[in-house]
Amino acid sequence: MKSAGKQMQIGQVAKQTGLSVDAIRFYERNRLLAAPVRSEGGFRLYSSEDLASLEFIRSLQTLGFSLNEIREFVSLRVNDRHACSDVRKMLDVKLKDVHAKRLALAEIEAELKIALVKCNSELKRGKKSIHCPVLNGLQKSKRNGAG
């Protein structure tokens, strides 16, 4: 049951959390946030607990967790406050995922730097009919079935 403290309408909650009204409704539709109570006029009314839940969801999104992963966190938060080992496992998996992505991005960065060096080298030669080594390389890789 939600606390009977100060109730806020969706616009107020959006301002306080930095989320859009649409994002808050999206979280409700996707069961990340419990359906709020309604005023007599049908307006959604949010509690301080709802505000804390939205901030929790937003912080997990900032860390790169998917909606399904966030749903697991929310479930653990609501149903089992002593689920630290489960949370640790989820954090460990995400950390490994971030590490793998960082390595992949480093490889892409290295390839881009090499391509840029090739372009700069060709441009420094000052030829009037410049043939871009990067575009020529891409055409060759397409012929070899790599593109």
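The values are calculated or read from the model by the stated rules, or taken from the named source; none is laboratory data. Bear in mind that the values here come from a model prediction, so they are computed numbers and not experimental data. Cβ sites come from the backbone with ideal geometry, for glycine too, and all protein chains shown count toward neighbours.
Key figures for this structure:
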{"item": "Residue under evaluation Ala34, criteria (1) under 23 Å from Met90 (Cβ atoms); (2) at pLDDT 90 or above, criterion not met", "result": "(2)"}
{"item": "Segment 54-93, residues that are charged (D, E, K, R), surrounded by 11 or more Cβ atoms within 10 Å (Cβ to Cβ) and within 29 Å of Pro36 (Cβ to Cβ)", "result": "Glu55, Arg58, Glu69, Arg71, Glu72, Arg77, Asp80, Asp86"}
{"item": "Among the candidates Gly11, Gly5, residue that is in contact with a helix residue (DSSP H, G or I) (Cβ under 8 Å, 6 or more places away or on another chain), modelled with pLDDT of 90 or more and exposed (fewer than 14 other Cβ atoms within 10 Å of the Cβ)", "result": "Gly11"}
{"item": "Unmet criterion (only one of (1) surrounded by 12 or more Cβ atoms within 10 Å (Cβ to Cβ); (2) at pLDDT 80 or above) for Val134", "result": "(2)"}
{"item": "Hits in segment 82-123 - residues which are touching a helix residue (DSSP H, G or I) at 6+ places or on another chain (Cβ under 9 Å), closer than 18 Å to Arg71 by Cβ and among the basic types (Lys, Arg)", "result": "Lys94"}
{"item": "Residues located in segment 1-38, provided they are within 21 Å of Glu72 (Cα to Cα), aliphatic (A, V, I, L, M) and assigned to a helix (DSSP H, G or I)", "result": "Ala23, Ile24"}
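Residue by residue, here is whether (1) among the charged types (D, E, K, R); (2) at pLDDT 90 or above; (3) part of a helix (DSSP H, G or I) holds:
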site: Glu40; (1), (2), (3): yes, no, no
site: Phe56; (1), (2), (3): no, yes, yes
site: Leu60; (1), (2), (3): no, yes, yes
site: Ile70; (1), (2), (3): no, yes, yes
site: Arg81; (1), (2), (3): yes, no, no
site: Leu91; (1), (2), (3): no, yes, yes
site: Asp97; (1), (2), (3): yes, yes, yes
site: Lys113; (1), (2), (3): yes, yes, yes
site: Lys118; (1), (2), (3): yes, no, yes
